[in-house]
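The structure appears right after this line, and notes come after that.
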Amino acid sequence: MNTNIVTATKILRRWGITASKVEQLLAKDDHQLDERINIIVKIHKLVYKKLGNSKAIKAFMAEPNHEAEWNGRQPRLMIASGSIDDLRDVLSFVEPK
């Protein structure tokens, strides 16, 4: 199996995303697979840099975000939605301004 897929799978599972959702997100026939993996890894690195430990990261991923454009959605649920735009939105939120 591709090591990038393995890495992304481990990250997603740590965030509390179900195995079936991970399989859908990382479907090998998805033409956006490389972009999805890159975004997932970037989000992980940025959030880890900000929060520093797995417990805090998992809490962040499960916390509803009350920014106007997020409408109370949790980062983990946005990521699990399968929408590349939702992935990009989460990345944009965690990137330094």
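Annotations for the structure displayed:
- Accessible surface for the chain, divided over its residues, is 62 Å² per residue with a 1.4 Å probe.
- For region 29-45, the residues whose amide N sits under 20 Å from a probe point set 7 Å from the Cα of Thr3 along the beta carbon direction are 33-45.
- Summing charges over all other residues whose Cβ lies under 11 Å from the Cβ of Trp70, with Lys and Arg as +1 and Asp and Glu as -1, gives -4.
- Computed over protein heavy atoms with a 1.4 Å probe, the carbon and sulfur contribution to the accessible area of region 1-57 reaches 51%.
- This model, with +1 at the C-beta of Lys and Arg and -1 at the C-beta of Asp and Glu, gives the chain a dipole about its Cα centre of some 600 debye.
- Positive minus negative residues near Arg88 (Lys, Arg vs Asp, Glu; Cβ under 11 Å): -3
- Helix-only CD estimate at 222 nm, as mean residue ellipticity for the chain, using -39500 (n - 2.57) per DSSP H run (n ≥ 4): -20000 deg cm²/dmol
- Inter-label distance for His31 and Thr18, nm, one decimal - labels placed 7 Å from Cα along Cα-to-Cβ: 2.9
- Paired Rg and Dmax values of the chain, which use every Cα atom, in angstrom: 12.5, 39
- Comparing Ser20, Ser83, Ser54 in a Gaussian network model of the chain, where Cα atoms under 10 Å apart are tied by springs, the biggest mean-square fluctuation is seen for Ser20.
- Total charge dipole magnitude, region 31-84, about the Cα centre, Cβ charges on Lys, Arg, Asp, Glu only, Debye to nearest 20: 300
- Local electrostatic count at Thr9 - Lys and Arg +1, Asp and Glu -1, tallied over other residues with Cβ under 15 Å: +4
The values are calculated or read from the model by the stated rules, or taken from the named source; none is laboratory data. Remember, it's a predicted structure, so these values are computed and weren't measured experimentally. Using ideal geometry, Cβ is built from the backbone for each residue, glycine included, and neighbour counts are taken over all protein chains shown. Note: areas computed on protein heavy atoms with side chains; ligands, DNA, RNA excluded. Shrake-Rupley method; radii C 1.70, N 1.55, O 1.52, S 1.80 Å.
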